[in-house]
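Working notes, structure below.
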Amino acid sequence: GPWRAQMKTDIETAAAKEADLKLSVMDAQSDPAKQQAQLEEFLNSRVNMVIVSPGDSQAITETVTRLIDGGIPVIVLDRPVIGDKYTCFIAADPTQIGTAAGQWLAGRLRGKGKLVEIKGPVDSLQAEALQTAFRAVFRDPGYRFVFDDCVDPPKIDAAKLMNEALSHVQQIDAVFAYDDAAGRAAYETAKAAGREKDVLFLGIGGMPAEGEAFVEQGI
């Protein structure tokens with residue numbers, strides 16, 4: 001996905017500045033068994049450090065434990081492994097992000113508005129925490145969530161959900177999407193229907209080629 005692609009680019013850029021650092025990048029393509037095999041390969045080749053973003057926490061926990069027990073530091077990104085056998089865990093705080101997003105939008109809506117929410121996959125704990133924190137901001141009776149649903153790639157994407165919202169809801173004041181791409185898809189869907197005017201579109205991410213670019217384009 002775009003977020004992973006940007007993370008890979010940023011890591012490669014940082015590594016290129018260090019003459020004594022050799023970086024090897026592997027992509028498991030969302031296959032837990034493949035990621036486990038890749039970690040085994042790093043273990044057998046005795047690398048000096050591993051950075052891993054788990055596709056399935058349970059599937060790779062044992063291998064990460066063996067890396068740690070073998071003296072190889074492991075930095076875990078985004079999704080934790082089970083237990084405490086890792087060197088460092090780095091992740092964004094979805095609760096803090098959801099709260100900040102909600103507060104910003106509430107400041108623009110000023111106490112009232114009809115909201116559409118395009119949520120992340122139903123099995124994503126990060127997406128669930130983001131949605132819970134966002135909604136907690138809108139307890140004032142002037143706010144009303146008129147449509148919400150979860151994406152389920154590839155069957156159900158943000159564009160499809162936005163089409164459903166447009167067909168069921170007469171007035172929409174704001175759309176909150178769980179990531180940049182979903183926010184852009186919601187905007188383009190509403191624009192195609194001639195209903196993007198006077199609607200605030202808020203997505204999470206702010207990546208250079210997505211969220212930042214959308215703002216620069218006036219979207």
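The values are calculated or read from the model by the stated rules, or taken from the named source; none is laboratory data. Predicted model only: the values in this text are computed from it and were never measured. Ideal geometry is used to build each Cβ from the backbone, glycine not excepted, and the neighbour counts take in all protein chains shown. Surface accessibility is based on the protein's heavy atoms, side chains included, excluding ligands, DNA and RNA. Shrake-Rupley method; radii C 1.70, N 1.55, O 1.52, S 1.80 Å.
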Before rounding to the nearest 500, sum -39500 (n - 2.57) across all DSSP H runs of length at least 4 in the chain and divide by the residue total; then give [θ] at 222 nm in deg cm²/dmol. -14000 deg cm²/dmol
Positive-end residue, the stretch 119-219 charge dipole about Cα centroid, Cβ charges, pick of A190, L166, Q217: L166
When Rg is the radius of gyration of the Cα atoms in the chain and Rh is its Kirkwood radius, what does Rg/Rh come to? 1.05
For the stretch 60-148, what's the relative contact order in percent, using C-alpha pairs closer than 8 Å and at least 6 residues apart? 27
Antiparallel bridges, percent of DSSP beta bridges restricted to the stretch 38-178 (to nearest 5): 5
State to the nearest 20 debye the size of the charge dipole of the chain about its Cα centre, where the only charges are +1 on K and R beta carbons and -1 on D and E beta carbons. 620
Rounded to two decimals, the Debye log10 I(q)/I(0) of the stretch 64-193 (Cα scatterers, no solvent) at q = 0.11, 0.12, 0.18 Å⁻¹ is -0.48, -0.55, -0.96
Using each residue's phi in the stretch 135-152, evaluate 6.51 cos²θ - 1.76 cosθ + 1.60 at θ = phi - 60° and report the 3J(HN,Hα) Karplus result to the nearest Hz, with x for Gly and Pro. 5, 4, 6, 9, 8, 5, x, x, 9, 9, 7, 8, 7, 7, 6, 9, 6, 8
How many Å² of accessible area per residue for the stretch 66-219, probe 1.4 Å? 56
Taking all protein chains in place and a 1.4 Å probe, what share, in percent, of the accessible surface of the stretch 103-178 do carbon and sulfur account for? 48
Positive minus negative residues near D180 (Lys, Arg vs Asp, Glu; Cβ under 14 Å): -4
What residues qualify as long-range amide H neighbours of D148, i.e. H under 5 Å apart, gap of 5 or more or another chain, H built at 1.01 Å from N? E117
